[in-house]
1. Ordered by residue, what ³J(HN,Hα) values in Hz, to whole numbers, does segment 227-237 give under the Karplus form 6.51 cos²θ - 1.76 cosθ + 1.60, where θ = phi - 60° and Gly and Pro are x?
2. Quick one: what Rg and Dmax do you get for segment 174-320 from the alpha carbons, in Å?
3. Ranked highest first by the average count of other Cβ atoms within 10 Å around their residues, in what order do 146-158, 94-106 fall?
4. Hey, what angle do you get for helix 85-94 against the long axis of the chain, alpha-carbon based, 0 to 90 degrees rounded to 10?
5. Taking only pairs that are 8 or more places apart or on different chains, how many Lys pairs in segment 174-320 have Cα atoms under 23 angstrom apart?
6. Sum -39500 (n - 2.57) across every DSSP H segment of at least 4 residues in the chain, then divide by the residue count to get the 222 nm mean residue ellipticity, nearest 500.
7. Starting from the 7 Å offset along Cα-to-Cβ, what nm value, one decimal, do you get for the label separation of T305 and N84?
8. Relative to the longest principal Cα axis of the chain, at what angle does helix 2-34 sit, 0 to 90 degrees, rounded to 10?
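All of the numbers you see were taken from the coordinates with simple rules; none came from a lab. The structure presented is a predicted model; accordingly, all values stated were derived computationally and were not measured. When we count neighbours, we look across all protein chains shown, and the Cβ atoms used for this are built from the backbone with ideal geometry, even at glycine.
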Amino acid sequence: MKKIIYFKYLFCVIALFSLLAGCSENEDTDMEVSNGIFITPSGKEAVESKVLLSFAPDAYKFPVAVSVIAPIATNADVTIALDNNLVTTYNAAHKTNYSIMPEGSYSLEATSLTIPKDGIASQQTNLVVKAGMLQLDTDYLLPVKVASVSASGITVNPAMATKYYIFRAPTPNIGNLSDNKKSYWKNPSASFNAGRGNDGNTNGDWGGGSVCESGAGAEQYWEVDLGAVSPRIDNVKIWNRTDCCDDRTINFYVFISDAPFKGTSVAELLAQPGVVKSFYTPGKAGRPTEILPNVSGRYIRLQNTGGQSLTLAELTAIGIKP
């Protein structure tokens with residue numbers, strides 16, 4: 001009986017030590033996780049970021065930084081990297097078929113980051129993606145990982161220290177941007193409704209009721225607000241009057257801007273920094289005169305350089321719909 005009690009006692013002691021050892025291992029594991037490093041701004045659990053890219057004339061920029069869960073005792077110099085070798089591994093593990101992004105379509109503005117003493121986050125850099133270099137309707141995977149950390153006590157767990165960006169550039173929706181959008185004359189009291197200039201009717205005969213005219217005055221203009229910035233305006237067509245007076249819209253500019261125009265004169269718009277794209281046509285407007293801007297824009301202005309009346313049957317803008 002005493003032997004049975006002794007063995008029971010011995011079994012309990014062994015079990016207790018095993019339990020304590022297990023707790024100690026769990027505590028070490030938790031400590032390693034608590035000192036782990038991860039890519040932000042996703043957060044340590046969100047290791048995937050799905051991004052749908054529309055066409056953009058400029059590169060997309062996505063903020064990237066690194067963080068640890070607990071403040072650190074010394075500065076930590078961190079190196080991050082883009083690692084396409086992980087794409088194959090990811091596809092095999094998740095039964096996916098993501099493509100590797102074309103060379104030159106992606107970059108990091110900086111690869112060296114620092115988490116300061118007593119801090120938890122580094123400064124920010126940017127992941128730069130050129131959507132125009134991607135094949136349309138293709139899913140790409142781009143892994144960003146922590147490659148190295150100078151400070152001790154920080155665990156680089158690949159499962160947590162790697163973020164996967166999933167990029168897709170869908171086929172853009174291209175169509176008419178200007179029909180029936182809000183349009184204006186330089187002189188708000190001009191006799192004929194500016195809306196005739198973008199009513200979808202290119203009839204150049206005055207009797208057809210679709211031609212509009214500004215009236216005489218220095219550098220007269222007609223302007224349309226597309227309602228939102230189109231990432232790319234492919235072409236603009238200007239349709240002149242046909243029954244007479246086709247020499248009124250002559251030696252003119254087409255201005256295109258993402259932001260509202262600030263001036264009323266040609267000189268002011270040519271000097272407006274950063275937003276105006278100008279296209280000059282010498283001579284009379286045709287049927288049509290076609291301009292191929294290939295620029296972004298929301299506001300389009302047709303403006304004479306002389307003092308005569310501006311006459312317009314139709315202006316159409318075709319491009320990517322916002």
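1. Listing the rounded values in order: x, 6, 6, 7, x, 7, 9, 7, 8, 10, 10 Hz.
2. According to the Cα coordinates of segment 174-320, Rg and Dmax are 13.6, 41 Å.
3. On the way: 146-158: 15.5, 94-106: 13.6.
Averaged packing, sorted descending, gives the order 146-158, 94-106.
4. The helix 85-94 is inclined about 80 degrees to the chain.
5. 13
6. Numbers: 3 runs with 49 residues, N = 322.
Mean residue ellipticity at 222 nm (helix-derived): -5000 deg cm²/dmol.
7. For the pair T305/N84, the computed spacing is 4.7 nm.
8. So the helix axis and the longest Cα principal axis differ by about 30 degrees.
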